[in-house]
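Rule-based calculations on the coordinates, nothing more; no lab input. Values in this document were obtained by computation on a predicted structure and should not be read as measured data. Cβ placement follows ideal geometry from the backbone for every residue including glycine, while neighbour counts extend to all protein chains displayed.
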């Protein structure tokens with residue numbers, strides 16, 4: 001079996017023979033899962049755009065977008081603020097009070113009609 005070789009011209013203009021296996025080697029940086037997850041959090045939790053985060057980390061935007069897809073989850077809806085939670089609590093308390101009143105009225109009505117029957 002012969003290895004297939006091709007010529008790659010370097011910056012000095014001199015060509016060198018390189019096998020296909022050598023071409024396929026990863027030339028860029030490799031990042032661990034922790035780095036990728038932290039990079040994804042920049043976009044999903046800290047409000048950076050993918051372009052901003054990629055530029056600050058020195059990685060391609062497409063790579064960062066893939067990491068966000070794999071390691072980060074974009075919030076489905078905005079987090080509720082304290083004020084919206086207080087408003088919802090007041091609404092639920094008012095509804096609860098109304099339902100208790102209705103239940104008491106129905107109890108009294110049931111007792112009244114039960115006493116009227118011979």
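Overview of results
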read-out	value
Sequence of 48, 66 once ranked by neighbouring C-beta atoms within 10 Å, starting from the fewest	66, 48
Additional length obtainable on full extension of the chain from residue 108 to residue 34, 0.36 nm per residue less Cα span	20.2 nm
Full-extension gain in nm, residue 56 to residue 97, via 0.36 nm per residue minus C-alpha separation	9.3 nm
